Amino acid sequence: QYQLLEKLQGQEEAKRQAEDQVAGMEEKLRQLHARSLELDTELQVETRGRRNQADTNKKLTIELENTVNTNKELQIKIEKSEQERLRMEAEARDSGEQLREMAEKVFQLLERLKLAELGKTK
């Protein structure tokens with residue numbers, strides 16, 4: 001009987017230890033599950049953040065390309081305007097030179113006319 005009682009007590013002690021181990025493992029499993037959920041949430045937030053950042057980068061890249069293209073177009077317009085200004089300045093110089101030459105001829109003609117009038121009156 002003592003042996004049976006001793007054996008029964010030993011089995012009960014082993015059972016208690018096994019139950020304690022199971023309880024410890026269950027607690028550890030709950031902790032690991034909670035940590036897994038936390039990490040999963042962090043991963044989702046980080047993934048969403050990276051996706052948003054990638055979208056923003058893409059939009060900024062497109063905006064930069066558009067700005068560069070607009071800048072090129074404006075530079076071409078400025079160049080054309082500068083060429084037109086230079087052409088108009090050259091044209092104005094030529095016109096001014098022609099006007100000066102014509103005025104000089106008119107003065108020469110007036111001078112001849114004056115001399116001719118003086119010659120007639122003598």
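The values are calculated or read from the model by the stated rules, or taken from the named source; none is laboratory data. Since this is a predicted model, take the numbers as computed values, not measurements. Quick reminder, even Gly has a Cβ in these numbers, built from the backbone with ideal geometry, and neighbours come from all protein chains shown.
Here are the numbers:
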quantity: Residue that is of a type in the set (K, R), in a helix (DSSP H, G or I), surrounded by fewer than 10 Cβ atoms within 10 Å (Cβ to Cβ) and at pLDDT below 95, where the choices are K114, K120; calculated: K120
quantity: Residue list for the range 1-28, restricted to those being loosely packed, with under 10 Cβ neighbours inside 10 Å and part of a helix (DSSP H, G or I); calculated: Y2, Q3, L4, L5
